[in-house]
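Here's the structure we're looking at; comments come further down.
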Amino acid sequence: MFLPHTDADRDAMLQAIGVERVEDFFHCISGARLFPELELPQGMTEMEALAELNHIASANETTDDLISFLGAGAYNHYSPAVVDSLLRRGEFYTAYTPYQPEISQGTLQAIFEYQSLIVALTGMEVSNASHYDGGTAVAEAVTMAYNVFRGRRKKVILSPSLHPQYRETTQTYTDELDIELAGSDVSVNDELEELISLLDDDTALVVVQYPDFFGRIQDFEQLIKAAHEAKALVAVHVNPMALGLLKPPGEFGADIVTGEGQPLGIPLSYGGPYLGIFATRMKYVRKMAGRLAGETVDDRGQRGYVLTLSTREQHIRRERATSNICTNQGLLVLAATIYMSLLGKHGLKQVAELNYHKAHFAAKKIAEIPGFELVYEQPFFNEFAIRCPKPAAEINQALLQKHDILAGYDLGQVDEGMKDQLLVAVTEMSSRAEIEYFAQSLAEEIHA
């Protein structure tokens, strides 16, 4: 830390103010709490500090050190080197909110390009830029639907196959609002029929995930049709990587599409920062949270970019704001934009196909091991649940300690009844040799 003021500087300022010590500013606060003895170590040189930090960091293990089959919302994808190279350019890396369009054209254009790519990917009509992560995007979809109906419809149905952390985030968002969250008692196995049965004339929104938390690919057309007949909206939360292969939600009737943008060139980074995707139909644009960059021409006919819509409390009266989120994920938006631009339509499809086929190869190898079986029969994308002959937590611990493998997500953390189930994620980063070693290690552990 660099402290520019000398003792003489501080004494002069204290004299000008009329107090003797800095502590005198805080006379009303207990000194014991304000100035505890921290017992800090002696100062270091830059070389010594770097060596110490490197030593501390060496205790971390990453996907460079371990074989990972852990997903559950954050996935080990390959990000081309050029993504990080462009991202770290000073013009982007230090840019803040583009309040002044005349000096923020690069940032605004990047946002505009991102929105265009998300619209093409999701099949929707308009995208914002953006939210903190997938969970906040889902929660904002709920408050948007509530506002679309001006609070007259108070029921929101959340699929039981929606990521449990997204459900928790939504609960936090709506805790002080007059919103009823339904769907927690719905069976995962029969959810489509049961979700339809929950629809009524008080339903504002139905939220589903595609592929769902368990990796399953479900057909939501009948549910969406039933929801629209009840005059309710439908939000579909997506894994954007899967949309390189699957039909976009806009083509089967979704009103809102949210997503976690981490698969689009954003590193795992110990859980964040990530990117919340949000797209909708044009008729709901004025109820959409976040910001919207638009393309126009100036008085000389030259192309230019502006913030067309920014209904946040920083821009308008707080009580009229659609959201109180004060920051978009601009740098992560740029990363996703570069990634999607590099891969293009065909590249994204190729990566999605690798995820799909490698996951199915892994599922086949694991299902061949006595004692293991797939939990669900539905088609899946790059993630699948397996039932194990012993608790998943024990398998995770053994494979990590003995084989340097992150085996998957223990579903017992979601539901005690699923403690023998493991959610396994396979991406293009998983080689055939790693998948076979994983299956072999599972078999060895069961018979150990």
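The numbers here are math on the coordinates, done by the rules we state, and not lab data. Keep in mind that what you see is a predicted model, and the values were worked out from it rather than measured. So basically every Cβ, Gly included, is an ideal-geometry build from the backbone, and we count neighbours across all protein chains shown.
Between 296, 136, 427, where does the largest GNM mean-square fluctuation fall for the chain, given springs only between Cα atoms within less than 10 Å? Of 296, 136, 427, the most mobile in the Gaussian network model is 296. Over the residues of the chain, the helix contribution to mean residue ellipticity at 222 nm works out to -11500 deg cm²/dmol, using -39500 (n - 2.57) for each DSSP H run of at least 4. Of the residues 19, 211, 74, the one whose Cα sits farthest towards the positive end of the charge dipole of the chain is 211 (charges of +1 on Lys and Arg Cβ, -1 on Asp and Glu Cβ, taken about the Cα centre). Taking θ as phi - 60° and the Karplus parameters 6.51, -1.76 and 1.60, the scalar couplings of the range 431-444 work out to 7, 4, 4, 5, 5, 5, 5, 4, 4, 4, 5, 4, 5, 5 Hz in sequence order, x denoting glycine and proline.
Of 260, 180, how do they rank once you tally other Cβ atoms within 10 Å and put the fewest first?
Working: 260 27, 180 14.
Fewest to most other Cβ atoms nearby, the residues stand as 180, 260.
Taking a ≥ b ≥ c as the square roots of the eigenvalues of the Cα gyration tensor, an a/c ratio of 1.5 or more together with a/b no larger than b/c marks the chain as oblate.
Under a 5 Å amide H cut-off, with hydrogens placed 1.01 Å from N, residue 304 pairs with 296, 297, 298 among residues at least 5 apart or on other chains.
Where both residues lie in the chain, what percent of DSSP beta bridges are antiparallel, nearest 5?
Values: 25 of 45 bridges.
Expressed as a percentage, antiparallel bridges in the chain total about 55.
Using only the Cα atoms, work out Rg/Rh for the range 81-340, with Rh taken as the Kirkwood radius, to two decimals. Don't jump to the answer; show the numbers that get you there.
Values: Rg = 18.1 Å, Rh = 18.7 Å.
Checking Rg against Rh, the ratio lands at 0.97.
Pairs over the 18 Å Cα-Cα cut-off, from the set 247/349; 231/283; 154/287; 358/402: 358/402. Between the C-alpha center of the range 194-244 and that of the range 381-448 there is a gap of 29 Å.
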